[in-house]
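Student: Just dropping this structure here.
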Amino acid sequence: MIVLLILMFLLVAATGTGVVLAREPRRQALAIAVNGVALALLFVVLRAPDVAYSEIAVGTALVPLMFLAVLVSLKTDRPKP
Amino acid sequence: MPLPVAVPLLVGAVLLLVGKFLPGRIPDAVAAATAVLVVVIDAKLAAHAAQGPLVYWMGNWQPRAGVTLGIAFVVDEAQAILGAFIALLFAASFAFAWGYFEDIRAFFHVLMLIFLAAMQGFCLSHDLFNFFVWFEVMSVTAFALTAYRLEADPLEGALNFTVTNTIGSFLILGGIALVYSLAGMLDFGALARSLAHEPGDPVAVAAFCMIATGLLIKGAAMPFHFWLADAHAVAPSPVSVIFSGAMVPLALFGLGKIYWDAFQPVAAVQVLMDTTVLALGMTTAVIGGLACLRQRHLKRLLAFSTVSHGGILLIGLALPGAASLGGFLAYFIGHGLVKGALFMVAGILLASAGGIDELWLRGRGRPLWPAGIAMAVAGILLGGAPFGLMDCGSRLMDAAAAARGEDWVLIAIVLGAACTGGAVLRGAGRIFLGLGEMPGEEARGPSEEESEKPDRPLWLMMLPVLLLLILALGTGLPQVDETAVRAAGRFLAWDGVASIAPVTPPPPAAVPTGVHPLVPWVSLGLAVLIAAHDLGRAWLPRTWRRRFERAFFEPIFTAIDRTHDGVVGDYVAWILVGLALFSVSAAAALHAG
Amino acid sequence: MNRRTRLVVAGICALAIAPAVAVVIVHIPAFGHHPLPYGDAINRAAGAERHVTNMVTAVNFDYRAFDTLGEELMLVAAVTGTLVLLRGRRGENVSDRAAQAGDRPVCERSEAVTLACRIFLPLIVTFGLYVILHAGLTPGGGFQGGAIVASGTLLLYLGESYSLWRRLMHSLIFDMLEAAGAIVLVLCGLLPMLSGAAFLENVLPLGQTRALLAGGLILVENAGVAVAVTAGFILLLLEFLEETRATRGGEKP
Amino acid sequence: MSYVPWATAAWLSAVGIYGVITSRHYVHLIGCLTVVQSATYVALLSVGYRFGSVAPIFYTRSPSTPAVDPVLQALVLTDIVVGATITALLLALTLQVHKKRGTVNPERLRPFRQ
């Protein structure tokens, strides 16, 4: 159990670092989703299934989707100089 | 007792539902009526709380066997009066904004009503996490309201505001986690009881530092204040009224609340409050005042004056005792009234004269002379005039500082008041009298072109201004000192423990009188001198200008400009500086204890 | 400050903060052995008092329902703010139909994708509803289920077409649903007061433990939250996706 | 073992703040803020954890089984809403700023440029 916990904590730390280091925003949206999955797994191990559900729904689905939508519209948007 | 929160929430939600179908001015009227209703409820609560604190458990979850299960509101006079004042400011702001926002679906009113409810909740809540929830609701509505005009500067200001304040709220959450790991409780009273067992615990001190930093970011103390000038200067004027008049001081009051209600038993936290927070307050008062002199964008000028007066409020909070807390309460309300009136004057200029740049506006305010008179009166009050509600506040702080032999604290108060009052008087003289042909340092301050919708008659906009100024002037009676000190004394004695233990009235505190009767005059004189100097530069000898100003003031002003550069990364780095400051001084405090 | 100065400043500060963090980490009560009087009291009492088996739901919708009220209004405020920000420029009039994608080619979806989405959509929505309904019994609740349903509806977009999704997801309806959810929550607080009880006091009959309809007021609040969250998140997605369409002449859908 | 959770939380917030300070793209900056936020989830839930306990759901168990703290889980649920709403607002602000200024580099966005 303890080993599993330590592993999960390290995984979350690593994926979180990955989110920061993914400087290309489109890749970062993916990294956020991965981090969300890692967090949700950690929450399951920490005996918090309720929180894990909402992290899955929000952290891996809704938030990265909003990021992607914004990135697409930033790309298509041609501002007047 | 939950009504001050529930009523505006309900009205806000209903407005969101039916706003699309409401014609014309109905949302204005409904929102203003709601704010007035909240004033009435709060005033009734204040009257009831005169006998003793009112404790209300949401969902009727009374504590059981010493364990608090639910969330409590604890209302005493001080909080109820503050709540009533905030709602009053909202009512004035709604009146000022009458017809200003007639766009889609009353969104403005919905956001403002939720904002009002959040402030009431923040003010009355007695539970650490609930306190955070209302703090966060307050933030979210404030972020959205800042960007309401959808121009470039408001959007950038809102981004800086959001990023810095979000980091602040994460810090508060971290602090909550630390506290919970120690006490396993969230109610303030239960926390205080639990923390009293470990007076020297570094975890408790760290928790306090994190929560305090979060609140000081919102309360715009040095070095966390950078976002304020960007956000308050660009928000719509009726919103700036609330930001400067209520939101920033309320965050500081929140700091007082978590300190007196929960963390006071921790010895090192007391030391921190006495030294670090006091020093931050003094620096903020002075730096804010100097930066204020530098501005030509009128709303930005007012924003920096809020920073400065926030510093003065922080001084009142950091000095212990009922007298200085009473001073804080009086100054809170007095400053809110005056600053609200000033932002409304700025709004009038934006709407009727079509600009906000002090130099551009020179002489153009003449047709709006009533606003000019209001601005001058407000400037005199800000400058520390020996009458009015703000004077009550500074007199009490003066007495409290003198009682501890720390009279030098007054220097910061006088400097802050004089600089901000001087800057406002300068603006009034230049805009409404056409004085000051030759601009000074302020000429190189940043500015931009903007205006607000010019469709409201002057008298309608002047009405709330007059109301606020009359209140600020007319309530400066000796009885106010007494009420403020009594309310503060009871807050200190009751508020923390009321949720878990019966309370008895504390012995009535003596009302101290200011020991330095000349201080207000010095401060006001200095303010007038500063204004006269800036407006009459053309007549000053050139050597004076070259030698004195260039050598002495220019480096200061340049440094201020450089640091307030609007880059969010820098602001976050400054937050780290503040955190480092807290870490070092907390270590010192623990070591000393 | 340029980036390097900023990093140097931050680094120096980090050096000052790091020892403090280390001291805190050493002194914090050991992981896995915290005193948790509040949580234990709830775990002991809530099942018997509120006839629910999910303690998190009991906390969220009863013991600390006042937090949830604030949280929901925060969501409403944020959604309203986002609407102001994104709709303000486009104007209200166009927001009820799909914005023109300009001269972009409509990409054809492969039948496999359409089929997969048609299969998964009902599954996800059903699962979301299940999570909402079983708030009192098993993990989940209005918030989690609402978020699941909201993201599930996107499969319509993926599998069918944007304009169909847009037609079904009529924004006015969700505006009103969101407001209605918030009103339900506030009324959950206020109505018990009419009967002389406290704000948010659970005055409804509690029902049987382990039954679906147990918990009294918890059920109503859960429903209100579910409606507000579903509508709020759908609105957010709607506006952000609309934004990707609103400009003409983009090269990529 | 006892230090790992707190170290993780501290690391996440440090690395997130580093990202915020050095970011060149506002969307990236917002992503870094979500990392700082995840530190608060980790810290809160770690405080509520207890060895040898079950989740605070007693559908199939007796309520006397030792369980982890449900209050903190409720707090984290609220925290997640906070995060999602703030992210949405920030993204909307970024979009609009891009329309007005044509850039999303935080270092080029400064209100009141002289």
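Student: Looking at B:VAL567, B:VAL519, B:VAL572, which is the one that is away from chain D (no Cβ under 14 Å) and surrounded by 16 or more Cβ atoms within 10 Å (Cβ to Cβ)?
Tutor: Selected residue: B:VAL519, the only one of B:VAL567, B:VAL519, B:VAL572 that is away from chain D (no Cβ under 14 Å) and surrounded by 16 or more Cβ atoms within 10 Å (Cβ to Cβ).
Student: Name the residues in region B:534-564 that are more than 14 Å from chain D (Cβ to nearest Cβ), crowded, with 16+ Cβ neighbours inside 10 Å and within 28 Å of the chain's Cα centre (by Cα), would you?
Tutor: Selection gives B:ASP534 alone.
Student: Is region C:163-171 home to any residue that is surrounded by fewer than 17 Cβ atoms within 10 Å (Cβ to Cβ) and charged (D, E, K, R)?
Tutor: Looking through region C:163-171, at least one residue is surrounded by fewer than 17 Cβ atoms within 10 Å (Cβ to Cβ) and charged (D, E, K, R).
Student: Among the candidates B:ILE470, B:ILE530, B:ILE560, which residue alone is modelled with pLDDT of 80 or more and within 30 Å of C:MET1 (Cα to Cα)?
Tutor: B:ILE560
Student: Is it fair to say C:TYR157 is touching a residue at least 60 places away in the same chain (Cβ under 8 Å), within 14 Å of chain A (Cβ to nearest Cβ), within 19 Å of A:LEU62 (Cβ to Cβ) and over 21 Å from the mean Cα position of the chain (by Cα)?
Tutor: It is false that C:TYR157 is touching a residue at least 60 places away in the same chain (Cβ under 8 Å), within 14 Å of chain A (Cβ to nearest Cβ), within 19 Å of A:LEU62 (Cβ to Cβ) and over 21 Å from the mean Cα position of the chain (by Cα).
Student: What number of residues within region A:30-51 satisfy the criterion of being within 13 Å of chain C (Cβ to nearest Cβ) and either surrounded by 24 or more Cβ atoms within 10 Å (Cβ to Cβ) or charged (D, E, K, R) (or both)?
Tutor: Residues that pass the stated criteria total 7.
Student: Are there any helices (runs of 4 or more DSSP H) wholly within region C:1-95 with 1 or more residues that are modelled with pLDDT of 90 or more, and if so which?
Tutor: Hits in region C:1-95: C:3-27, C:65-90.
Student: When you scan region B:182-195, do you find a residue that is buried (at least 24 other Cβ atoms within 10 Å of the Cβ), out of contact with any Pro (no Cβ under 9 Å at 6 or more places or on another chain), within 11 Å of chain D (Cβ to nearest Cβ) and in a helix (DSSP H, G or I), even just one?
Tutor: The answer is no, given that none of the residues of region B:182-195 is buried (at least 24 other Cβ atoms within 10 Å of the Cβ), out of contact with any Pro (no Cβ under 9 Å at 6 or more places or on another chain), within 11 Å of chain D (Cβ to nearest Cβ) and in a helix (DSSP H, G or I).
Student: Also: If you check B:ALA78, B:ALA118, which single one turns out to be in contact with a Lys or Arg (Cβ under 9 Å, 6 or more places away or on another chain) and crowded, with 24+ Cβ neighbours inside 10 Å?
Tutor: The conditions single out B:ALA78.
Student: If you don't mind, another one. Looking only at region B:14-33, which residues are touching a residue at least 24 places away in the same chain (Cβ under 8 Å) and among the hydrophobic types (A, V, I, L, M, F, W, C)?
Tutor: Matches in region B:14-33: B:LEU15, B:LEU16, B:LEU22, B:VAL30, B:ALA31, B:ALA32.
Student: Only one of these is of a type in the set (Val, Ile, Thr), assigned to a helix (DSSP H, G or I) and outside the structural domain of B:LEU467 (by TED's automatic domain parsing): B:VAL55, B:VAL39, B:VAL74. Name it.
Tutor: Checking each option against the conditions leaves just B:VAL39.
Student: Right, here's the next one. For region B:368-433, which helices (runs of 4 or more DSSP H) that fit wholly inside it have 1 or more residues that are farther than 16 Å from B:GLY316 by Cα and assigned by TED's automatic domain parsing to the domain that holds B:GLY347?
Tutor: It comes to B:369-382, B:409-433.
Student: Now, a different point. State the number of residues belonging to region B:213-256 that are within 19 Å of B:GLY175 (Cα to Cα) and of a type outside the set (A, V, I, L, M).
Tutor: Residues meeting the conditions: 8.
Student: Could you look through region B:82-91, keep only residues that are of a type in the set (Gly, Ala, Ser) and over 12 Å from B:THR34 (Cα atoms), and pick out the one that is surrounded by the most Cβ atoms within 10 Å (Cβ to Cβ)?
Tutor: My answer is B:GLY83.
Student: In the list B:VAL345, B:VAL377, B:VAL338, B:VAL286, which residue meets the criterion of being within 15 Å of the chain's Cα centre (by Cα) and among the hydrophobic types (A, V, I, L, M, F, W, C)?
Tutor: One residue alone meets the criteria, B:VAL338.
Student: While we're on this one: For B:GLY326, indicate whether it is over 13 Å from B:PHE85 (Cβ atoms), modelled with pLDDT of 90 or more and more than 15 Å from the chain's Cα centre (by Cα).
Tutor: yes
The values are calculated or read from the model by the stated rules, or taken from the named source; none is laboratory data. Fair warning: this is a prediction, and the values are worked out from it, not measured in the lab. Note that we place each Cβ from the backbone using ideal geometry, even for glycine, and neighbour counts take in every protein chain shown.
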